[in-house]
Amino acid sequence: MSDLHIYNSFNRQKEKFESITPGHVGLYVCGPTVSGESHLGHARPYVTFDVVNRYLQHLGYKVRYVRNITDAGHFEEEGREAEDKIAGKALLEKLEPMELVHKYTELFHWGMRLFNCQSPSIEPTATGHVIEQISMIEDIIQKGYGYEKNGSVYFDVKKYAEHYPYGKLSGRKIDELLETTRDLDGQDEKINKVDFALWKNAPPEHLMRWKSPWGEGFPGWHIECSAMSSKYLGTEFDIHGGGMDLQFPHHESEIAQSTIAHGHAPARYWMHNNMITINGKKMGKSYNNVIKMTELFSGNHPILEQAYHPMVVRFYILQTHYRSTLDFSNEALQASEKALRRLWEAYELLKKTNHPGNAVAKDAALNDQVKNFCNECADFMNDDLNTAKVIASLFELAPIINGIKGGQVKADAIDAATFALLQSTFKTYLEDILGLQALQAEQNSNKMDKVLSVLIDIRKDAKQRKDFATSDQIRNKLTEFGIQLKDEKDGTVSYTIE
RNA sequence: GGUCGGGUGGCCGAGUGGUUAGGCUCAGCUCUGCAAAAGCUGCUACAGCGGUUCGAACCCGCUCUCGACCUCCA
């Protein structure tokens with residue numbers, strides 16, 4: 001169906017993508033834990049896999065994109081203690097976990113919309129699938145790989161490793177893991193330190209709790225993804241994605257659970273995006289260096305020099321390959337903003353440009369060049385989604401588009417078919433696949449247009465009288481308000497609004 | 001400590017054994033009443049040391065250095 005090759009973390013190499021069911025793709029991406037506000041670091045996987053999703057669709061696949069919401073866990077909010085539950089407070093004073101979950105889910109969706117991420121086909125919640133998780137745990141116990149202790153259930157990793165290649169995805173060796181000396185919660189209940197929880201007994205102060213065959217508790221940290229992905233995509237689906245930091249233990253555990261419950265690993269291709277760093281360090285909760293989406297868009301953060309438009313952030317993310325780290329800096333974001341502006345203006349220009357319709361190009365070399373830059377975009381996407389190179393190609397084309405307008409390039413230098421290809425390439429890649437949008441809303445409201453045309457006319461008169469003081473005053477004042485007038489070569493005046 | 005991945009021009013960032021990544025910045029030029037925008041040109045790098053090779057930033061080894069994972073984390 002295509003020549004798409006993706007880097008499969010499981011085998012550590014690029015592989016040709018072939019879907020299990022022809023024409024269809026099952027894509028599962030680990031979603032956010034909605035116990036707090038989403039930050040810039042979260043933007044990366046969701047933008048990355050949004051492009052994966054978009055590109056697969058572009059290739060003609062029908063994609064079922066499942067991205068979960070993790071809303072089960074030990075939730076607290078600053079100033080509101082989890083112990084509320086047993087403190088004898090009135091109901092409305094207590095922390096209601098679903099209140100938090102709802103708030104942060106909404107905020108997450110808000111961010112996704114601004115980033116122009118397509119909504120997944122299904123967005124299942126962990127709390128909505130407790131039954132499925134319990135039944136999967138029962139299955140694992142029955143097959144002899146799960147054991148109960150004090151109302152908690154653990155997965156027997158050592159036993160699993162004796163029969164299956166545990167650690168392959170994350171490059172871990174069971175023997176080394178067994179030697180690790182870390183003191184973790186509930187360690188004494190486990191047979192081996194490497195075992196992970198499938199179900200946890202809920203202490204009295206724990207807010208979220210469900211009845212289970214093992215008493216009141218809550219699901220373990222990895223089982224939700226296994227239960228939900230198999231429910232909606234089948235026990236074996238095409239692509240499983242997420243951040244690199246989830247490779248271990250999360251994805252490794254998913255593989256183990258699913259292998260026991262279903263007899264095979266859940267996904268064929270594992271894709272992992274790299275981290276966003278700030279001053280070279282990963283942006284993450286534990287490092288206390290996150291920039292929340294709300295702060296990013298408003299500029300309200302000590303290290304932010306300005307607010308950044310969501311599209312600028314999206315573009316910034318896509319200028320780097322998804323498997324490379326991406327370092328945050330004001331300078332980098334500002335460079336991206338300028339770059340995106342320029343590229344988008346070329347695109348807008350391209351949409352408005354008319355081609356004389358000649359079937360034969362006057363400049364064969366240029367014509368070939370244009371065709372080449374257009375066509376190689378597909379190759380770059382097929383090569384493990386190299387969005388950075390796609391963008392580079394589009395930038396190669398921008399001067400040609402601008403040149404046609406500026407007169408440096410004759411419109412008939414390229415033929416009609418190539419011009420059409422140029423137009424469709426920009427539309428397809430910029431909008432459909434990279435999912436980019438204009439930085440400003442449709443600026444040309446009718447009234448604004450009329451007001452400006454009055455000013456432009458006055459200025460034109462002044463210029464004709466060589467009254468440059470007046471003409472410059474008009475232009476400079478407007479510039480102050482963020483409206484930039486441009487005297488075009490053909491004598492017309494255009495404007496852009498920041 | 002173990003495992004893995006990086007170190008590219010002023011900055012951000014692609015990449016391949018041999019020809020220009022791209023963006024931003026900067027300088028010059030063209031256009032312009034002047035600007036802005038645009039176009040053109042220039043700045044031409046691959047941590048260090050060895051090795052393989054006709055040829056390496058790209059392959060191998062060593063050194064230095066940064067980071068990720070090993071614990072909730074996108």
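Looking only at residues of the range A:436-462 that are modelled with pLDDT of 85 or more and under 30 Å from A:GLY357 (Cα atoms), we find that the one that is nearest to RNA strand B (Cβ to nearest atom) is A:LEU436.
Residue by residue through the range A:384-395, note down the ones that are touching a residue at least 24 places away in the same chain (Cβ under 8 Å) and either in contact with a helix residue (DSSP H, G or I) (Cβ under 8 Å, 6 or more places away or on another chain) or not assigned by TED's automatic domain parsing to the domain that holds A:ARG323 (or both).
Filtering the range A:384-395 for residues touching a residue at least 24 places away in the same chain (Cβ under 8 Å) gives A:384-388, A:390-391, A:394-395.
Within the range A:384-395, A:LEU385, A:ASN386, A:THR387, A:ALA388, A:VAL390, A:ILE391, A:LEU394, A:PHE395 qualify.
Of the helices (runs of 4 or more DSSP H) lying entirely inside the range A:116-221, those carrying at least 2 residues that are within 30 Å of A:THR48 (Cβ to Cβ) and not aliphatic (A, V, I, L, M) are A:130-142.
Within 32 Å of the chain's Cα centre (by Cα), near RNA strand B (Cβ under 10 Å from one of its atoms) and buried (at least 17 other Cβ atoms within 10 Å of the Cβ), is that true of A:ILE404?
No.
Within the range A:7-32, being outside any loop (DSSP other than H, G, I, E, B), crowded, with 21+ Cβ neighbours inside 10 Å, within 13 Å of RNA strand B (Cβ to nearest atom) and not aromatic (Phe, Trp, Tyr) holds for one residue alone: A:VAL29. Say whether the condition of being within 28 Å of the chain's Cα centre (by Cα) and surrounded by fewer than 16 Cβ atoms within 10 Å (Cβ to Cβ) is met by at least one residue in the range A:343-351. For the range A:343-351, residues within 28 Å of the chain's Cα centre (by Cα) and surrounded by fewer than 16 Cβ atoms within 10 Å (Cβ to Cβ): present. A:ARG172 satisfies every condition listed in (1) exposed (fewer than 14 other Cβ atoms within 10 Å of the Cβ); (2) in contact (Cβ under 8 Å) with a residue 24 or more places away in the chain except (1).
Of everything in the range A:320-351, what is of a type outside the set (D, E, K, R), within 30 Å of A:ILE414 (Cβ to Cβ) and more than 6 Å from RNA strand B (Cβ to nearest atom)? Give them in sequence order. Once the filter is applied, which keeps residues that are of a type outside the set (D, E, K, R), within 30 Å of A:ILE414 (Cβ to Cβ) and more than 6 Å from RNA strand B (Cβ to nearest atom), the range A:320-351 yields A:SER336, A:LEU340, A:LEU343, A:TRP344, A:ALA346, A:TYR347, A:LEU349, A:LEU350. Mind listing just one residue for me: the one in the range A:234-289 that is among the hydrophobic types (A, V, I, L, M, F, W, C) and within 9 Å of RNA strand B (Cβ to nearest atom) and, of those, farthest from A:TRP221 (Cα to Cα)? Applying the filter and picking the extreme gives A:ILE278.
The values are calculated or read from the model by the stated rules, or taken from the named source; none is laboratory data. All values reported here derive from a predicted model rather than from experimental measurement. Note: ideal-geometry Cβ built from the backbone for every residue, glycine included; neighbour counts use all protein chains shown.
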